[in-house]
1. Got a number for residues in the range 259-280 being in contact (Cβ under 8 Å) with a residue 40 or more places away in the chain and more than 17 Å from L43 (Cα to Cα)?
2. Checking the condition modelled with pLDDT under 95, in the same structural domain as K239 (by TED's automatic domain parsing), more than 17 Å from D234 (Cβ to Cβ) and under 22 Å from the mean Cα position of the chain (by Cα), which residue from N152, N188, N199 passes?
3. Run I337 past the list (1) out of contact with any strand residue (DSSP E or B) (no Cβ under 7 Å at 6 or more places or on another chain); (2) outside the structural domain of I236 (by TED's automatic domain parsing); (3) of a type in the set (A, V, I, L, M) and report the number of the one that doesn't hold.
4. Condition check: farther than 22 Å from E362 by Cβ and not in a strand (DSSP E or B). Does N180 satisfy that?
5. Please work out which residue is surrounded by the most Cβ atoms within 10 Å (Cβ to Cβ), limiting yourself to the range 130-182 and to residues that are among the hydroxyl-bearing types (S, T, Y), closer than 28 Å to Y98 by Cβ and out of contact with any helix residue (DSSP H, G or I) (no Cβ under 6 Å at 6 or more places or on another chain).
6. Can D317 be described as without any contact (Cβ under 8 Å) to a residue 40 or more places away in the chain and in the same structural domain as A273 (by TED's automatic domain parsing)?
7. If you check every pair at least six apart or on different chains, which have Cβ atoms under 6 Å apart with a residue in the range 64-91 that is under 18 Å from M264 (Cβ atoms) and modelled with pLDDT of 95 or more first and a residue that is among the aromatic types (F, W, Y) and buried (at least 16 other Cβ atoms within 10 Å of the Cβ) second?
Amino acid sequence: MQKLFAYDENEGKSMNNFTLYMTTDCNFKCRYCYENYQEQYYLTEEILLKIIDFIMNYENKEKLSLSFLGGEPLLRKDLIYQAVNYIKEHYSDRIVKYYITTNASLIDNQFIKFMKDNEFTIRLSFDGNKSTHELNRVKKDGISCYEKILANINEIEKQKLPYSVRMTIVENTISSMFSNICFLHENNLNNICMIMDVNLKFTKEVYTDFEKQVEMILDYYIQEHMNNNIFSIDQIDGKIFNFLCDFGNCFSMCDAGIQSYKIMPDGNIYPCAFVTNNKEFIIGNISEGINTDRAKELVLLNYDKEDLKCKKCNIRDFCHGMKCGYMNYICTGKVNIPSDAECQCEQIFYIAVEKLIKFYLEQNNLEVEKKLGKFIEFIGKSGLELSTYGKQVERKLRNDAKCKR
């Protein structure tokens, strides 16, 4: 049987990643939100402390990551303060890396200082300029708070906190993708992640527009980088590693339910955010523990052995759909079968990254080393195989090293 899980080889070696849902409620009602909870859950102080004790004692690893999520987690800002302070008081010997995903509407200067003091990494749900942002991100009370959100994000950037801007792409924002990338970069918001809506559907016209937008974004990215105006787009920078590495053309799912866990306010534990509204995917709770065998079983039960759609695809190693199993599941009912829109997006991003790699290979070796050297080095140290393009980059760097002798 082919290798299905990326975590099999390293199981038990890496740190555990916990996500704590502070509430399933939100002060926004975004039109593209995939969360559809039948019941609203709010974390209580009593359950919070039990969850923290469970997390800190699970496998007793020295390092772990803890992400605060919702709904909108800052609706329970008081409990976030309490969670971090409780860990510092009772588990001071542990190394905890904190994350939070927020719409930034409820952030204040006190909380920014708190995040800075505790070295949070912040994931900001923000779609770009005002007209785009407010197309789909609507407050429940109908009152715009865009200026406040942008001011909060600018303050986070000013305070040099690590962050990423998560810009969700849906059909009605595709035509403004390029202009919004420019908007973010011009506002010095330089760590950008374009999130494709899981329910995205392409008509011929929308697909053509998406293709054009990605092409313009790549040209702008290259131009800015060559002018030393560096910024990051996850769908470009984050794809370079996949492009240069040969994973063996297989489905290699993430560590959902094995080293990554989602804990709901009622104490139930799920493998992935995409299935926290489906009790069939419960893999444990804070009273009885985590059943990783159940997590693996859920993947196998929802795995398509025929794999007719993907097994001969030439960009399989590159494809996000070969990593994010539960995103696939909510779209197609199978963890290893991505949606048609996901396939189309990945094909377009593959062409873009291929164009970028070819561009770098035409540059001087100093530029190649600066842009791609770290990827080649990491792949080598990890004992992984280089792809065809990875080998080209390695040869160019090796030949340059010989010339310098």
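1. Looking only at that region, the number is 6.
2. The match here is N199.
3. I337 satisfies every listed condition except (2).
4. Spelling it out, N180 is indeed farther than 22 Å from E362 by Cβ and not in a strand (DSSP E or B).
5. Selected residue: T168.
6. For D317, the condition - without any contact (Cβ under 8 Å) to a residue 40 or more places away in the chain and in the same structural domain as A273 (by TED's automatic domain parsing) - is not met.
7. Note: pairs meeting the criteria are L66/F18; L66/Y98; S67/Y99; L69/Y21; I80/F68.
So that you can scan it fast, the table gives a plain yes or no per residue for (1) within 17 Å of Y350 (Cβ to Cβ); (2) part of a helix (DSSP H, G or I):
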position: K201; (1), (2): no, no
position: K212; (1), (2): yes, yes
position: G248; (1), (2): no, no
position: P265; (1), (2): no, no
position: I269; (1), (2): no, no
position: F274; (1), (2): no, yes
position: N277; (1), (2): no, no
position: L298; (1), (2): no, yes
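The values are calculated or read from the model by the stated rules, or taken from the named source; none is laboratory data. Model, not experiment: these values are computed from the prediction. So basically every Cβ, Gly included, is an ideal-geometry build from the backbone, and we count neighbours across all protein chains shown.
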